[in-house]
Amino acid sequence: MKIKNYVARFATALLVLSSFTMCAKKPVIVETPVTTKPTTTTTTKDTTPVIAAKPPVAVDPTANCSYTVKTSEWFVDGTNLAPGSVICIPAGVRGALLLKNLKGTAASPIIVINKGGKVTFSATLSAGYTFKTQNSRYFKILGNGSSSVKYGFDINGGNIGMTMDDLSSDFEIANVEVRNSGFAGIMAKTDPSCDINTQRGHFTMANVSLHDNYVHKTGGEGFYIGNSFYADGMSLACGKVLPHDVVNVKVYNNITDSTGCEGIQVGGAIIGAEIYNNTVKLPGIKPFAAGQDNGIQLGEGTGGKCYNNLIKNAPGNGIIVLGLGDNLVYNNYIINSGAYGIFADSRYTPGPNFQFINNTIINPALDGIKLNSESIPMNTVINNVMIIPGSGVTINRKSSAVKLTALNNYQGKEVSVLQFVNYGGDNFHLLATSPLINSGANVLTYGVITDFYGKIRPSGLAYDVGATEY
Ligand SMILES: [Ca+2]
Ligand SMILES: [Ca+2]
């Protein structure tokens, strides 16, 4: 029955996805609107052949600002801005900013970019947010407007640092630093209310890309994406309401450090979720409640892939998996977790299989992988390395009801036996003498075709065990 529901939901999601994909197949992604917009509804300057013929690299993306935000402005209403417009924010220190009603298109999103250097947005902890979008679709917040500054947007303070809320969808957030927030650093969700337009089936947050951001010293989660209560929803005056689906969310190349709760938490991401190449350091240092101190949380309703992440010093679990059951977790380095390396539980889990492949778990305080997932048809644990100095075991099943396929996992007591090039310096390449080389099972069928560093697998005679291929 559960599986049937899952299949039905999956089919629905595919329909949604395919209809979206059709929309998105137009010329695609305007990185520098000045050069890549042969037809335009904004200024005539953009369309002159001379400008269009220039190589993109030579063009200042902020040269032609459609609108420049004044330091004194606390909100911008984009109602009258055409798709493809560029909203420039001049370098300097300023207060909070609310962007509302930005309406780009898939082919011509609205760009918000820093101009002339770093922009610092500053707000007190009592302010609800420091940066917020409302009712906006097809837009990009890009802090790469000045080549000398990696994080051209610096969002300092506020209860929530940055939030994309109130039916915001189809957006990219990149090269943004968020720090010193009272609660979450970067939040992306619209909580369901008694307005039906906010509820599942009526609103989907789709095509969200959050990458190359630096989130640190937050009171709550570093990244808080999607609602946490996918299965049961929220009880309001109008009754029980269900939160929206999240489709095609990508979270990659981010750094989180010293976050109060999880570094990265994703809920309700039913299809196309990918969380990869992130570094999560010191998550969960000031959790508001028990169980909020993990590295990465694949929360209720979240499927997809979680790979090539480095997670260090989580007081709780390195990765906690409460997802749909089509989850593939691979090539992650999980170091010094205060509880389990990976913890999995099937709660709302209609899918077929939790798959843990080629992860390297070093020094968890408890067991390597804890499986409370009794109701899922299979848990697959292959090619993982687990270095457990204490009395923990590699795989701990809650009961014999937990179905398990385990192959080619490596267990040791000391990290030195793995023969990393420089473990203390986070260089996890292997020396030629490593016992992990060529001792893995072939996991091509699981889609694991590269390693932590992006190297093609397998190399040499066979797959290596752990997150690195020699
Ligand atoms: Ca949390
Ligand atoms: Ca090999």
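The values are calculated or read from the model by the stated rules, or taken from the named source; none is laboratory data. Source: prediction; values computed, not measured. Note: ideal-geometry Cβ built from the backbone for every residue, glycine included; neighbour counts use all protein chains shown.
Determine whether region 279-286 contains at least one residue that is in contact (Cβ under 8 Å) with a residue 40 or more places away in the chain, basic (Lys, Arg) and in a loop (DSSP other than H, G, I, E, B).
yes
Which of the residues belonging to region 118-129 are surrounded by 14 or more Cβ atoms within 10 Å (Cβ to Cβ) and small (Gly, Ala, Ser)?
Ser122, Ala123, Ala127, Gly128
Of Ala467, Ala441, Ala462, which residue is under 26 Å from the mean Cα position of the chain (by Cα) and away from ligand 1 (no atom under 16 Å from the Cβ)?
Within the list Ala467, Ala441, Ala462, the selection yields Ala467.
Considering only region 444-463, state which residues are more than 17 Å from Gln419 (Cα to Cα) and more than 12 Å from ligand 2 (Cβ to nearest atom).
Answer for region 444-463, where residues must be more than 17 Å from Gln419 (Cα to Cα) and more than 12 Å from ligand 2 (Cβ to nearest atom): Leu444, Thr445, Tyr446, Gly447, Val448, Ile449, Thr450, Gly454.
Name the residues in region 289-304 that are touching a strand residue (DSSP E or B) at 6+ places or on another chain (Cβ under 7 Å) and farther than 17 Å from Thr279 by Cβ, would you?
Leu298, Gly299, Gly301, Thr302, Gly303, Gly304
For region 414-454, how many residues meet the condition of being crowded, with 18+ Cβ neighbours inside 10 Å, under 30 Å from Asn372 (Cα atoms) and of a type in the set (A, V, I, L, M)?
Qualifying residue count, region 414-454: 4.
So which residues in region 425-452 are in contact (Cβ under 8 Å) with a residue 60 or more places away in the chain and part of a loop (DSSP other than H, G, I, E, B)?
Result: Asp426, Gly440, Val443, Gly447, Val448, Asp451, Phe452.
A quick yes/no check of all residues on (1) at pLDDT below 95; (2) crowded, with 24+ Cβ neighbours inside 10 Å; (3) closer than 23 Å to Lys140 by Cα; (4) within 15 Å of ligand 1 (Cβ to nearest atom):
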residue	(1), (2), (3), (4)
Gly157	no, no, yes, no
Ala188	no, yes, yes, yes
Ala206	no, no, yes, no
Phe229	no, no, no, yes
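Checking the structure you have, find out if any residue of region 325-344 is among the polar types (S, T, N, Q), assigned to a strand (DSSP E or B) and away from ligand 1 (no atom under 13 Å from the Cβ).
No; the residues of region 325-344 include none that is among the polar types (S, T, N, Q), assigned to a strand (DSSP E or B) and away from ligand 1 (no atom under 13 Å from the Cβ).
Within region 288-301, identify whether any single residue is at positive phi, surrounded by fewer than 20 Cβ atoms within 10 Å (Cβ to Cβ) and touching a residue at least 12 places away in the same chain (Cβ under 8 Å), and answer yes or no.
yes
Are any of the residues in region 411-427 more than 16 Å from ligand 1 (Cβ to nearest atom), within 27 Å of Asn327 (Cβ to Cβ), small (Gly, Ala, Ser) and at pLDDT 95 or above?
yes
Conditions (1) of a type in the set (Asp, Glu); (2) within 13 Å of ligand 1 (Cβ to nearest atom), marked per residue:
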residue	(1), (2)
Asp245	yes, no
Tyr252	no, no
Thr259	no, yes
Ile264	no, yes
Ile271	no, no
Asn278	no, no
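From the list Gln355, Gln411, exactly one residue is in contact (Cβ under 8 Å) with a residue 24 or more places away in the chain, in a strand (DSSP E or B) and crowded, with 19+ Cβ neighbours inside 10 Å. Which is it?
That would be Gln355, the only listed residue that is in contact (Cβ under 8 Å) with a residue 24 or more places away in the chain, in a strand (DSSP E or B) and crowded, with 19+ Cβ neighbours inside 10 Å.
Anything in region 111-144 that is of a type in the set (S, T, N, Q) and assigned to a strand (DSSP E or B)? List them, or say none.
Asn114, Thr120, Ser122, Thr130, Thr133, Gln134, listed by residue number.
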